[in-house]
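Any read-out appearing in this document is the output of simple, stated calculations on the displayed coordinates, not a laboratory observation. Quick caveat, the model's predicted, so the values are computed rather than measured. Glycine gets a Cβ as well: all are built from the backbone with ideal geometry, and neighbour counts include every protein chain shown.
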Amino acid sequence: MSRLQLDNIHISFGALHIVRGVTLELKQGEIGCLLGPSGCGKTTLLRAIAGFQALQSGFIHIDDSSVSDEKHTLAPEQRGVGMVFQDFALFPHLNVEDNISFGMRKASAIERSKRVDELLDRIGLPGYHKRFPHELSGGQQQRIALARALAPKPRLLLLDEPFSSLDAELRERLAVEVRELLKKEGITALLVTHDQQEAFAMADKAGVMYQGELLQWDTPYQLYHQPKHQLVADFIGHGVLLQGTVNTEGSLASPLGMLEHPSLLQIPAGTPVSFLVRPDDLVPDPTSRLRGTIKARGFRGAHNLYTIELASGVEILTLSPSHEEFTVGANIGLRPEFDHLVVFAADHCELPGFHDQAPTVQPLPTVLPKTQSA
């Protein structure tokens, strides 16, 4: 059963189109995430689901009930939807117990007390009943805000940039904890964020929005490895889009050499295309004839992320274990090792049939001058 279903949603402010034709679905207990740059319409879409924003057209269903269409909007308090805000929005004059139980005013005192105890145990803050918000850290305040939203057992939970005010390490840890809590509670949830790691840590389904459109709604794995649009490929991860040309033998002439894949035979010879190169698609190899100069190095803990400039002037990224360190300015060899080939046509959409097998990579046709790597 679908807990949340959006069908061809359009939202405008006057002549300005904010959300354009968004369709998505979340089943009972699934956690979804909307990613995208500021101003892409993701928060407006969340507000529409909560009941704070009317639709120009389309439908929003929670369970099997229509809660919004172009003719009516069910009031927010009648939707059974909980919401966690970016700024926590805790009541400063109420202690933790009263903050959490605030939305349970119709329940008995015994029911409220039992639910508060249960939630404080689940968020790892037992015994915090009588503390006030100003006595809590940012991470603790966010846990209390989440517990308050969960207390009435909503049909659907919406989270608007819930971790944005926290430091990076705490954001990632809380994302994992919140996912575990939502799964234990069996709550369907939709998160809005611009942080990819946050989305990957929490979501069963995720989508990338751009200028009001939902470009792709899929699993986080599919978004990363099989983007359906150039803008998704550009936004997710550290990929680089390179240009190439398909030839008559079903291969792709590219700055990395000749990439061969059976599905390239489906594309007319001479067609210019773009293809996606992730940092893990290229492996440092001193014997390779494909070489480049290190322009920058970023420390990522177990790995270094290198920016490499090829002889053609194209810049690509590669990962290497941090204990095998190369210096900026060094010339190194690179060996392509694609798991699959993601190719885009001129209209930015992914060409079909490129994920059934990995491409074979032919070396560059000419031997480049040998140089020493660091």
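GNM on the chain, alpha-carbon springs under 10 angstrom: the most fluctuating residue among Asp234, Asp167, Asp98 is Asp167. Spin-label model, His323/Asp64: points 7 Å from Cα along the beta carbon direction are separated by 6.0 nm. Spatial offset of region 202-275 relative to region 121-145 amounts to 44 Å, using the alpha carbon center of each. Once the Cα-Cα distance is subtracted from the 0.36 nm per residue extended length, the Ala302 to Thr287 segment shows a gain of 3.0 nm. Listed by chain and number, the aspartates and glutamates placed with their C-alpha closer than 16 angstrom to that of Lys114 are Glu97, Asp98, Glu185; residues fewer than eight positions away on the same chain are left out.
Length gained on full extension, Leu16 to Val314: 103.5 nm, using 0.36 nm per residue less the C-alpha separation.
Placing dummy labels 7 Å off each Cα toward the beta-carbon, the span from Glu169 to Gln243 is 4.4 nm.
In the structure shown, the pairs Lys183/Lys228; Lys42/Lys183; Lys184/Lys228; Lys27/Lys130; Lys130/Lys183 are assessed against 25 Å; a Cα-Cα span above that value is assigned to Lys183/Lys228; Lys184/Lys228; Lys27/Lys130; Lys130/Lys183.
A DSSP coil position with no more than 14 other Cβ atoms inside 10 Å describes the following GluC sites (Glu not before Pro) in region 1-95: Glu70.
Taking Glu260, Glu213, Glu324 in turn, the Gaussian network model of the chain (Cα-Cα springs below 10 Å) assigns the largest fluctuation to Glu324. Largest mean-square fluctuation among Ala201, Ala296, Ala145, in a Gaussian network model of the chain whose springs join Cα atoms under 10 Å apart, belongs to Ala296. With the cut-off at 1.5 for a/c, could you classify region 2-225 from its C-alpha gyration tensor as rounded, prolate or oblate? Here region 2-225 falls in the prolate category.
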